[in-house]
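The values are calculated or read from the model by the stated rules, or taken from the named source; none is laboratory data. All of these numbers come straight from a predicted model, not from anything done at the bench. Reconstructed Cβ throughout: ideal geometry from the backbone, glycine too, with neighbour counts over all protein chains shown.
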Amino acid sequence: MLTEETIQDKIEIVQPYSVVQVRTATVIKRDGVEISRSFHRHIVTPDISATDLANESAEVQAICATVHTQAVKDAYAAHLAAQDAEMAQPLGE
């Protein structure tokens, strides 16, 4: 019998903006013996909406509530604004 299990097997916090990286493993087993494992990764940034955060696991939500402080959110927003300003400049300036 084939079974499929999906687990979050790795959660990391990447500085300087406390971006949370989540790795999800999909494990296929035949008669209880693993025959395949594949991975999917996604990130959760400090500017994530409350609606999107609600789609995350309770563990990821708890981590984000701890590391995505207002200071981190403000620094990340400033970083994004600086990137936007840099991209708006014409080449050669």
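What the table shows:
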read-out	value
Any hit, the range 75-83, residues being surrounded by 10 or more Cβ atoms within 10 Å (Cβ to Cβ), in contact with an Asp or Glu (Cβ under 8 Å, 6 or more places away or on another chain), under 21 Å from residue 7 (Cα atoms) and of a type outside the set (D, E, K, R)	no
Any pair with Cβ under 8 angstrom, 6 or more apart, that starts in the range 24-46 at a residue that is under 18 Å from residue 10 (Cβ atoms) and ends at one that is part of a loop (DSSP other than H, G, I, E, B)	44/56; 45/17
Test: residue in the range 67-79 that is over 19 Å from residue 23 (Cα atoms), hydroxyl-bearing (Ser, Thr, Tyr), over 12 Å from the mean Cα position of the chain (by Cα) and modelled with pLDDT of 95 or more	yes
Selection status of residue 90, out of contact with any Pro (no Cβ under 6 Å at 6 or more places or on another chain) and at pLDDT 95 or above	no
Residue 27 surrounded by 11 or more Cβ atoms within 10 Å (Cβ to Cβ), closer than 23 Å to residue 81 by Cβ and in contact with a strand residue (DSSP E or B) (Cβ under 6 Å, 6 or more places away or on another chain)	no
Check on residue 61, loosely packed, with under 11 Cβ neighbours inside 10 Å and either out of contact with any Gly (no Cβ under 7 Å at 6 or more places or on another chain) or not charged (D, E, K, R) (or both)	no
Restricting the range 49-58 to residues that are at pLDDT 95 or above and hydrophobic (A, V, I, L, M, F, W, C), the residue that is surrounded by the most Cβ atoms within 10 Å (Cβ to Cβ)	53
Hits in the range 47-58 (condition: within 19 Å of residue 15 (Cα to Cα) and in contact (Cβ under 8 Å) with a residue 24 or more places away in the chain)	47
Every pair of residues 6+ apart whose Cβ atoms lie under 9 Å, when the first sits in the range 65-84 and is farther than 14 Å from residue 15 by Cα while the second is of a type in the set (A, V, I, L, M)	65/53
